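Everything below concerns the one structure shown next.
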Amino acid sequence: MQYHTPNNLSELEINLKKIQHTISLVCKRVNRDPAQVRLLPVTKTLSIEQIQQANHLGFRCFGENKVLEAKSKYEALQHLNIDWILIGHLQSNKVKYVAKFIAEFHALDSYKLAEKLNHRLLLEQRQLPVFVQVNTSNEESKFGVQPEQALALIEQCQALTQLKVVGLMTLALHSQEPNEVRRCFQVLRELRDNIQKQYPEIQRLSMGMSGDFEIAIEEGATDIRVGQAIFGARNLPDSYYWSESK
Ligand SMILES: *Cc1c(COP(=O)(O)O)cnc(C)c1O
């Protein structure tokens, strides 16, 4: 896919408008209300100026993959009252940062991490909405619990007073075959539907990115995480953000 890198505020606005237009077209096609789909701009690798521009255009929630990168941006932009959303894997030695300033966490993948996070959140007297990350593609390189483990993790988390599980998150298979991508999103939605029988408050589906958000919306996404289609192609390969090393 070709992504156009905006050179100024009005080109950024055009990219954002295009995506919002696509979101409403897809919603119309599958009879969904576009207000039920949140576009979360993903700002990893972007400069403070680029984030300020997106904020200027009305966005105040941004997704970051790494907590330390998010932290430096949070510190630089404290005056803007931005909600920083952590969408990437978290190492347990960094939970203290999340507890301090992260507004939502989309990649909870173990009880051990949940416990540590809860402990830190208690010290900060904060509550945190979280999504359980599910590996729907069976790729070893992807984080997340297996679909059949998600309910057990959610059950365990009920005892943790500072965490509130609000949904499920996944990264689809990286594939040219749309049906294989779609299958990943369907697995997540079916899992959410099952979990809702016991936990009706668990509703959200964080799924879909620049290359596959249209399919994700068709399959029920409530939160799409979009970087490159808004801000242009990144130089760093995805593996820098998605694999265990680094
Ligand atoms: C970077 C990232 C995205 C966005 O990917 P784009 O290709 O830039 O849209 C979505 N989710 C996660 C977890 C990411 O790290």
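The values are calculated or read from the model by the stated rules, or taken from the named source; none is laboratory data. Owing to the predicted nature of the structure, the values given are computational and were not obtained by experimental measurement. All Cβ positions, even for glycine, are placed from backbone atoms using ideal geometry, and neighbour counts span all protein chains on display. The accessibility values were calculated without ligands, DNA or RNA, using every heavy atom of the protein model including side chains. Shrake-Rupley method; radii C 1.70, N 1.55, O 1.52, S 1.80 Å.
If you average 1/r over all unlike Cα pairs in the chain and invert the result, what Kirkwood radius do you get in angstrom? Don't skip to the answer; put the middle values down first.
Numbers: mean 1/r = 0.0547 Å⁻¹.
Taking every pair of different Cα atoms in the chain, averaging 1/r and inverting gives 18.3 Å.
Explain nothing, just the number: dipole magnitude of the stretch 9-241 about its Cα centre with +1 on each Lys and Arg Cβ and -1 on each Asp and Glu Cβ, in debye rounded to the nearest 20. Spell out each step's value before the answer.
Values: 28 positive and 27 negative charges, 103 e Å.
For this selection, approximately 500 debye.
Given a Förster distance of 25 angstrom, what is the FRET efficiency for Asp83 paired with His174, based on the Cβ-Cβ distance and rounded to 0.05?
Details: r = 28 Å, r/R0 = 1.12.
Given R0 = 25 Å and the Cβ-Cβ separation, E is 0.35.
What whole-number value in Å² describes the accessible area per residue of the stretch 132-223 for a 1.4 Å probe? Can you show the working numbers first?
Values: 4100 Å² over 92 residues.
About 45 Å² of surface per residue is accessible.
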Label point at Arg29 placed 7 Å out along Cα→Cβ; residues across the stretch 165-189 whose backbone nitrogen lies under 16 Å: 177-183, 185-186
Any idea which of Ala114, Gln162, Val226 is furthest toward the positive side of the dipole for the chain, if Lys and Arg beta-carbons carry +1 and Asp and Glu beta-carbons -1? Gln162
Karplus ³J(HN,Hα) for the stretch 14-19 (6.51 cos²θ - 1.76 cosθ + 1.60, θ = phi - 60°; Hz, whole; x = Gly/Pro) runs 4, 4, 5, 4, 4, 5
I want to check the label-to-label distance for Lys112 and Arg38. Put each point 7 Å from Cα in the C-beta direction and report it in nm to one decimal. 3.0
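Over the stretch 28-99, average the accessible area per residue using a 1.4 Å probe and give it in Å², no decimals. Spell out each step's value before the answer.
Working: 3460 Å² over 72 residues.
Ligands and nucleic acids excluded, the result is 48 Å² per residue.
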What's the carbon and sulfur percent of the chain's accessible surface, probe 1.4 angstrom, rounded to a whole number? 48
Any chance you could check the Cα centroid distance between the stretch 157-236 and the stretch 40-97 for me, in angstrom? 19
Accessible surface of Arg183 - all protein chains present, 1.4 Å probe, nearest 10 Å²: 110
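Given the Cα-Cα distance of Thr5 and Gln156 and 0.36 nm per residue of separation, how much length would full extension add, in nm? Mind showing how you got there, number by number?
Numbers: separation 151, 0.36 × 151 = 54.36 nm, distance 4.35 nm.
Extending this stretch completely gives an extra 50.0 nm.
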Defining a contact as two alpha carbons under 8 Å apart and six or more residues distant in sequence, what relative contact order in percent does the chain show? 21
